[in-house]
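A.B. asks: Just dropping this structure here.
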């Protein structure tokens, strides 16, 4: 979270990712609008995944998962999971995967009950590279998750990388540098590119999934979303019907912004 009075100065001078973007070889745009979608069933939504059946929401504080409707957030079903303060969720067509961040596992679970089906170690686990060490004393693992063509894609802040994994044994098939220092949610663009939310920059970076080249930076407006005088940052994210959907863990809300034309 960023105090409103500091956000403009922060964006212009204090954020290394923003400074880098100003001189980089990719376009930087400001989101055309930010729309509040709904409040989630939990208080700390940290992972999102769009599916035709609804929007999956992972709550970090309770380790509960909910499948909700897009129009109003009404719960279709929800259940507990055997995870530890997770930060990402995806769906492989049959089961859900959860980034169980604080025990550094990737958990495959039944999409009806939450029963654990399989666990794999998170690649790139370790200590994060932002904030004082006293605020982040524990090693952590994966955050954003996505499924594509039989591979599990994983954004890992301690490693500042995005990995494509074999879901059978967690063997790394590809490894890309992530934008910034705090990569979080990831999602697929309709054109096959990969979007990654970077929480400190309050931005979404469009990437080539083969090379990791950044193609575009989509920044949130300087004072949106604003809740009780505090500018909020994106955590979980997903892409659905021409929009990036993102969660704000501190407020329990989901927002959406249109994909750039």
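The numbers here are math on the coordinates, done by the rules we state, and not lab data. Model, not experiment: these values are computed from the prediction. Ideal geometry is used to build each Cβ from the backbone, glycine not excepted, and the neighbour counts take in all protein chains shown.
A.B. asks: Once you put a point 7 Å from the Cα of residue 94 and another 7 Å from the Cα of residue 210, both along the Cβ direction, what distance in nm separates them?
C.D. replies: 3.0
A.B. asks: Could you work out the helix-only [θ] at 222 nm for the chain, with each DSSP H run of four or more residues adding -39,500 (n - 2.57) and the total divided by the number of residues, to the nearest 500 deg cm²/dmol? If you can, show how the numbers build up before the last one.
C.D. replies: On the way: 2 runs with 14 residues, N = 261.
Result for the chain, helices only: -1500 deg cm²/dmol.
A.B. asks: Using packing as a proxy for protection, rank 29-39, 79-89 so that the peptide with the highest average count of other Cβ atoms within 10 Å comes first. List each step's numbers first, then the result.
C.D. replies: Details: 29-39: 15.0, 79-89: 22.2.
Packing order, densest peptide first, comes out as 79-89, 29-39.
A.B. asks: Provide 207, 216, 237 in ascending order of the number of other Cβ atoms located within 10 Å of each residue's Cβ, fewest first. Don't jump to the answer; show the numbers that get you there.
C.D. replies: Working: 207 23, 216 19, 237 30.
With the fewest neighbours first, 207, 216, 237 line up as 216, 207, 237.
A.B. asks: I would also like to ask the following. Alpha carbon centre of the range 67-102 versus the range 116-170: separation in Å?
C.D. replies: 16
A.B. asks: Let me ask another. Between residue 173 and residue 116, what is the spin-label point distance in nm, taking each point 7 Å from the Cα along the Cα→C-beta axis?
C.D. replies: For residue 173 paired with residue 116, the spin-label model returns 2.5 nm.
A.B. asks: Okay, next question. Assuming a ≥ b ≥ c are the square roots of the Cα gyration tensor eigenvalues, decide whether the range 66-159 counts as rounded (a/c under 1.5), prolate (otherwise, with a/b larger than b/c) or oblate. Let's see the in-between values first.
C.D. replies: Details: a/c = 1.97, a/b = 1.62, b/c = 1.22.
Prolate shape, in that a/c is at least 1.5 and a/b is the bigger ratio.
A.B. asks: Kindly identify the range 131-261 as rounded, prolate or oblate by the Cα gyration tensor criterion: order the square roots of the eigenvalues as a ≥ b ≥ c, call it rounded if a/c is under 1.5, otherwise compare a/b with b/c, prolate if a/b is larger, else oblate. Intermediate values should be presented prior to the final figure.
C.D. replies: Numbers: a/c = 1.87, a/b = 1.22, b/c = 1.53.
It is oblate, given that a/c is not under 1.5 and a/b is not larger than b/c.
A.B. asks: Then there's this: Answer rounded, prolate or oblate for the chain, using the Cα gyration tensor with square roots of eigenvalues a ≥ b ≥ c: rounded when a/c is under 1.5, else prolate when a/b is larger than b/c, else oblate.
C.D. replies: It is rounded, given that a/c, with a ≥ b ≥ c, falls under 1.5.
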